[in-house]
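Beneath this line is the structure, given in structure tokens, with notes to follow.
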Amino acid sequence: MPAVQNNVTKEIVTERLKTVNGPDFTGNIVDLGMVSEIFIADGKVFFSITVPAARAQEMEPLRAAAERVVKAIPGVVGAVVALTAEKKGGGMEAPVPARPAPRPAPPAAPARPAPQAPASHSQGKRGVPGIEAIIAVASGKGGVGKSTTAVNIALGLAANGLRVGVLDADIYGPSMPKLLNIHGRPQTVDGKILKPMENYGLKVMSMGFLVDEETPMIWRGPMVMSALTQMLREVEWGPLDVLVVDMPPGTGDAQLTMAQQVPLAGAVIVSTPQDLALIDARKGLNMFKKVDVPLLGIVENMSYFIAPDTGKRYDIFGHGGARREAERLGVTFLGEVPLEMGIRESSDAGTPVVVSKPDSPEAKIYRDIASKVWDRVNEERGAAEAAVPSIVFE
């Protein structure tokens with residue numbers, strides 16, 4: 001199967017897509033400029049079709065037709081085709097002919113987002129077979145050391161005796177291949193399900209394994225979510241006690257959709273002590289609250305610096321801001337991680353401090369944080385079970 005998959009090219013896919021008629025049978029979707037950049041990984045083809053926002057619902061047959069012709073290409077094992085809509089003025093609607101109307105119609109109402117589930121929306125979230133709990137590690141902004149924290153928490157959980165996996169959900173800036181020193185491409189099971197990569201006892205999946213490091217990811221939201229869904233649900237994770245999801249930074253569509261569609265056991269927020277980072281961290285906290293995801297706690301990263309020559313402590317970014325924020329919000333404070341050169345150097349080398357220096361103070365901090373995270377997961381599980389009403393027959 002892999003040898004055949006190697007023959008699938010963007011040119012072949014583009015030629016097949018030219019056989020799909022555009023709206024109202026005018027031209028084809030390629031020449032009309034409706035097809036996005038095409039991405040091929042491991043025999044799977046990803047792309048989106050841009051349609052007018054006002055006609056998005058009626059374009060589903062067009063999307064299905066494009067998916068069918070691509071799946072029929074020899075060597076293609078799957079296709080993810082998403083519809084994306086551009087508002088007027090976005091520059092993407094001009095090539096698509098509008099449907100003629102017998103008389104002037106009133107202005108079209110703006111496209112409305114899909115209806116959201118109510119606050120208590122645990123229904124509709126499918127679990128992932130073989131995974132007991134899924135934990136999100138998130139931050140309100142980039143540059144706070146979230147990925148380094150996530151990987152060391154995962155290794156701390158593993159050091160504490162749990163079976164652990166890591167999903168790198170940052171499609172645009174995947175970091176797990178470097179942090180865990182994993183190279184190469186994942187294999188498939190029967191050409192359909194991906195086998196996760198492994199190192200240091202962790203099972204890992206990342207877009208960084210499927211795309212070259214220097215390849216820019218210019219994807220719209222629906223394509224990102226399709227890729228995340230496949231990396232989550234079409235991977236042979238096997239039996240795991242916990243899957244740690246390294247979320248993208250910020251609070252955009254990808255984070256919100258992930259929080260809404262995946263049965264998260266809880267979320268860990270990573271922040272630095274300064275006020276600016278805490279403002280963004282509050283956004284992350286509020287997002288998870290609104291979609292009913294339990295908040296497992298806050299980690300204060302880059303909390304302080306110990307000068308190696310004098311042993312003097314410096315609070316470069318301030319100190320204690322995340323702890324005070326946790327107390328103010330009634331959220332568990334999970335711990336303080338120092339600004340330590342060894343943490344950065346070991347991360348850059350692909351040997352995180354929890355495995356490269358397991359007896360160091362920094363490794364102990366991460367293991368303690370991991371223990372608190374797992375305790376909080378079990379607390380939330382207990383609370384959820386207690387909240388389920390029991391039926392008593394008398």
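Key figures
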{"item": "Of all residues in region 32-57 being among the charged types (D, E, K, R) and closer than 28 Å to G208 by Cβ, the one that is least open to solvent (accessible area, probe 1.4 Å)", "result": "K44"}
{"item": "Residue tally, condition in contact with a helix residue (DSSP H, G or I) (Cβ under 8 Å, 6 or more places away or on another chain) and buried (at least 20 other Cβ atoms within 10 Å of the Cβ), over region 189-203", "result": "4"}
{"item": "Test for A105: is it assigned to a strand (DSSP E or B) and modelled with pLDDT under 65", "result": "no"}
{"item": "Some residue of region 375-390 being in a helix (DSSP H, G or I), among the charged types (D, E, K, R), open to solvent by 90 Å² or more (accessible area, probe 1.4 Å) and modelled with pLDDT under 90", "result": "yes"}
{"item": "Residues of region 206-253 that turn out to be open to solvent by less than 20 Å² (accessible area, probe 1.4 Å), at pLDDT below 75, among the aliphatic types (A, V, I, L, M) and more than 21 Å from G184 (Cβ to Cβ), as a count", "result": "2"}
{"item": "L278 being over 16 Å from the mean Cα position of the chain (by Cα), modelled with pLDDT under 80 and either more than 24 Å from W374 (Cβ to Cβ) or open to solvent by 60 Å² or more (accessible area, probe 1.4 Å) (or both)", "result": "yes"}
{"item": "Residues being without any contact (Cβ under 8 Å) to a residue 12 or more places away in the chain and over 17 Å from R55 (Cα atoms) - total across region 14-26", "result": "1"}
{"item": "Only listed residue being in contact with a strand residue (DSSP E or B) (Cβ under 8 Å, 6 or more places away or on another chain) and not in a loop (DSSP other than H, G, I, E, B), chosen from L339, L334", "result": "L334"}
{"item": "Selection from region 340-374 of residues that are hydrophobic (A, V, I, L, M, F, W, C) and open to solvent by less than 60 Å² (accessible area, probe 1.4 Å)", "result": "I343, V353, V354, V355, A363, I365, I369, A370, V373, W374"}
{"item": "Flag for D309 being over 15 Å from K146 (Cβ atoms), at pLDDT below 80 and more than 18 Å from the chain's Cα centre (by Cα)", "result": "yes"}
{"item": "Counted residues, region 126-171 - those being open to solvent by less than 10 Å² (accessible area, probe 1.4 Å) and either of a type outside the set (S, T, Y) or under 16 Å from D241 (Cβ atoms) (or both)", "result": "22"}
{"item": "Check on G75, assigned to a loop (DSSP other than H, G, I, E, B), modelled with pLDDT of 80 or more and within 28 Å of the chain's Cα centre (by Cα)", "result": "yes"}
{"item": "Every residue from region 172-181 that is open to solvent by 10 Å² or more (accessible area, probe 1.4 Å), in contact (Cβ under 8 Å) with a residue 60 or more places away in the chain and closer than 14 Å to G350 by Cα", "result": "S175, K178, L179, N181"}
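Matching residues to (1) open to solvent by less than 20 Å² (accessible area, probe 1.4 Å); (2) assigned to a helix (DSSP H, G or I); (3) in contact with a strand residue (DSSP E or B) (Cβ under 8 Å, 6 or more places away or on another chain); (4) modelled with pLDDT of 75 or more:
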{"residue": "T14", "(1), (2), (3), (4)": "no, yes, yes, yes"}
{"residue": "V30", "(1), (2), (3), (4)": "no, no, no, yes"}
{"residue": "M59", "(1), (2), (3), (4)": "yes, yes, yes, yes"}
{"residue": "L83", "(1), (2), (3), (4)": "no, no, yes, no"}
{"residue": "G90", "(1), (2), (3), (4)": "no, no, no, no"}
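The values are calculated or read from the model by the stated rules, or taken from the named source; none is laboratory data. In this text the structure is predicted, and so the values were computed from the model without any measurement. Backbone-built Cβ (ideal geometry, glycine too); neighbour counts: all protein chains shown. Please note that ligands, DNA and RNA were not included when accessible areas were found on the heavy atoms of the full protein model with its side chains. Shrake-Rupley method; radii C 1.70, N 1.55, O 1.52, S 1.80 Å.
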